[in-house]
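Here the structure comes first, spelled out in structure tokens, and everything after it is commentary.
The values are calculated or read from the model by the stated rules, or taken from the named source; none is laboratory data. These numbers come from a predicted model, not from an experiment. Note that we place each Cβ from the backbone using ideal geometry, even for glycine, and neighbour counts take in every protein chain shown.
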Amino acid sequence: MQHFNRRGVLKLATAAVAMPAIIGRASPVSAQTAFKDESLIVVSWSGNYELTFRDTVIAGFNAKYGTKAETVGGWDQMVPQIKAAPADNPPFDLIVADEYTALTGLAENMFLETDRSKIPGFAEIYPWFDENRPAFKNYGVPFGGGTLWMLLAKSTGLDPHSWKSLWDEKAQGKITLDSVVFGWNLCIPAILSDRMPGIEEVYGTPEEMEPLFLELEKLKAARWYKDGAELANLLFQEEAAVAMAYSTDVYDFITKHSDDFAAAVPKEGSATYVDWYAKVRGTKHAELAELFQAYLLEQETQQLFLNSSSSFMSRKDLVAPAHFADYPKSNEDYHRMFNVFTMDGWSKFVTHWDALDARMKQTIIKTTQG
């Protein structure tokens with residue numbers, strides 16, 4: 001029988017892609033030495049997000065507390081990996097949980113509850129985060145989130161501030177969209193539709209969602225991308241010039257290549273996922289994980305991450321970076337700009353996954369040029 005090893009899981013996954021109050025172990029005064037050399041494995045999103053998280057969060061945490069925290073990138077495989085491991089020896093101590101991960105993780109009893117009275121910082125968090133995920137309020141801490149951006153080459157002459165630019169004649173034959181997590185594509189015509197609020201049309205049956213597919217089929221795509229690397233190649237090689245892009249993939253375009261590309265969260269609003277960091281059941285580093293959760297809610301931690309990403313954060317007191325000119329400034333802005341693909345919405349969507357997947361494949365064939 002193969003011996004389960006946390007470090008092995010970490011290596012495998014890596015290849016694929018004010019002082020907090022500490023209870024039990026140490027007083028706030030001694031917290032900086034109480035966890036010296038203790039390890040902690042935190043799963044963040046793979047790709048650009050993971051790199052930024054390592055540089056702006058993990059490095060600072062280790063420097064402050066003398067710990068050996070590490071991050072590994074993951075996507076939807078996190079819950080199956082935890083489920084496959086012994087209950088008392090999980091592969092990770094903390095994982096990032098969007099609404100889908102929260103839904104599937106709760107169903108498998110994979111998260112430990114969080115006592116907010118032991119973690120400072122919650123008073124500075126926008127209420128919007130709890131308002132959109134009430135079923136997860138007792139688990140984890142809300143760090144921030146990601147959303148869909150309109151990203152385009154300035155040479156197109158199109159406006160990134162409206163999703164309607166996708167249907168502009170100048171965009172046809174130059175468009176690229178996500179071919180893998182196809183539900184996000186459907187959110188765009190849902191936002192533009194006035195039939196139901198926000199993205200609620202995406203939570204319907206395949207028959208009820210048919211108008212959304214028909215709207216997408218009015219587009220002429222150059223290619224549909226599979227991941228952020230392919231998206232970048234398509235745009236840099238000028239095979240495509242107009243894209244729906246995720247927060248994790250936008251930052252470099254609008255900071256390092258701003259002469260050629262423009263991006264925005266469209267004025268009609270955008271579909272959104274929210275990043276909470278939750279403790280995994282069975283962790284042997286629960287107190288250190290709690291310290292890390294508190295660190296995630298600190299103002300300096302969030303400001304550093306915001307300055308180097310295109311994510312939005314959970315604290316109210318951050319300064320908007322120059323590259324995110326339309327950054328939300330109030331709880332009302334969060335409600336106006338961001339339509340969360342909710343836990344309840346995912347539970348409805350995955351019920352029809354096979355039928356919707358087959359239907360999206362038809363749309364990809366119909367819209368792709370050549």
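A few notes on this one:
Residues are listed down the side, and each one gets a yes or a no for (1) under 20 Å from residue 101 (Cβ atoms); (2) of a type in the set (A, V, I, L, M, F, W, C); (3) part of a loop (DSSP other than H, G, I, E, B):
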| residue | (1), (2), (3) |
| --- | --- |
| 32 | no, no, no |
| 41 | yes, yes, no |
| 44 | yes, no, no |
| 49 | yes, no, no |
| 53 | yes, yes, no |
| 59 | no, yes, no |
| 62 | no, no, no |
| 70 | yes, no, no |
| 73 | yes, no, no |
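- Single condition residue 279 does not satisfy, out of (1) surrounded by 17 or more Cβ atoms within 10 Å (Cβ to Cβ); (2) assigned to a helix (DSSP H, G or I): (2)
- Flag if residue 318 is of a type in the set (A, V, I, L, M, F, W, C), in contact with a helix residue (DSSP H, G or I) (Cβ under 6 Å, 6 or more places away or on another chain) and either closer than 22 Å to residue 246 by Cα or in the same structural domain as residue 53 (by TED's automatic domain parsing) (or both): yes
- Among the residues of region 168-186, those identified as surrounded by 17 or more Cβ atoms within 10 Å (Cβ to Cβ) and either in contact with a Gly (Cβ under 7 Å, 6 or more places away or on another chain) or within 18 Å of residue 213 (Cβ to Cβ) (or both) are 172, 175, 176, 177, 178, 179, 182, 183, 184, 185, 186.
- Residues in region 102-117 that are in a helix (DSSP H, G or I), crowded, with 16+ Cβ neighbours inside 10 Å and not small (Gly, Ala, Ser): 103, 104, 106.
- Top-ranked residue in region 211-250 [being among the small types (Gly, Ala, Ser) and in contact with a Ser or Thr (Cβ under 7 Å, 6 or more places away or on another chain); ranked as surrounded by the fewest Cβ atoms within 10 Å (Cβ to Cβ)]: 228
- Scanning region 182-208 for residues that are under 20 Å from residue 367 (Cβ atoms) and either touching a Cys at 6+ places or on another chain (Cβ under 6 Å) or of a type in the set (A, V, I, L, M) (or both) yields 186, 188, 190, 191, 192, 202.
- On inspection, residue 125 passes the criterion of being in the same structural domain as residue 290 (by TED's automatic domain parsing), β-branched (Val, Ile, Thr), modelled with pLDDT of 95 or more and touching a Lys or Arg at 6+ places or on another chain (Cβ under 7 Å).
- Pairs meeting the criteria (first residue in region 182-209 and under 12 Å from residue 345 (Cβ atoms) and of a type in the set (Phe, Trp, Tyr), second residue at pLDDT 95 or above and part of a helix (DSSP H, G or I), beta carbons under 8 Å, at least 6 apart or on different chains) are 203/344; 203/345; 203/348; 203/349.
- Scanning region 294-312 turns up no residue that is closer than 30 Å to residue 38 by Cα, out of contact with any Pro (no Cβ under 8 Å at 6 or more places or on another chain), of a type in the set (Phe, Trp, Tyr) and surrounded by 23 or more Cβ atoms within 10 Å (Cβ to Cβ).
- For region 165-176, the criterion of a residue being touching a Phe, Trp or Tyr at 6+ places or on another chain (Cβ under 7 Å), modelled with pLDDT of 95 or more and aliphatic (A, V, I, L, M) is satisfied by no position.
Yes/no matrix, rows are residues, columns are (1) of a type in the set (Asp, Glu); (2) surrounded by 13 or more Cβ atoms within 10 Å (Cβ to Cβ); (3) in contact with a Cys (Cβ under 6 Å, 6 or more places away or on another chain):
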site	(1), (2), (3)
343	no, yes, no
354	yes, no, no
358	no, no, no
366	no, yes, no
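- So residue 61, is it under 24 Å from residue 111 (Cα atoms), more than 20 Å from the chain's Cα centre (by Cα) and at pLDDT 95 or above: yes
- Contact map, region 120-141: residues that are hydrophobic (A, V, I, L, M, F, W, C) paired with residues that are modelled with pLDDT of 95 or more and part of a loop (DSSP other than H, G, I, E, B), Cβ distance under 6 Å, separation 6+ or inter-chain. Pairs shown: 125/314; 129/314; 141/297.
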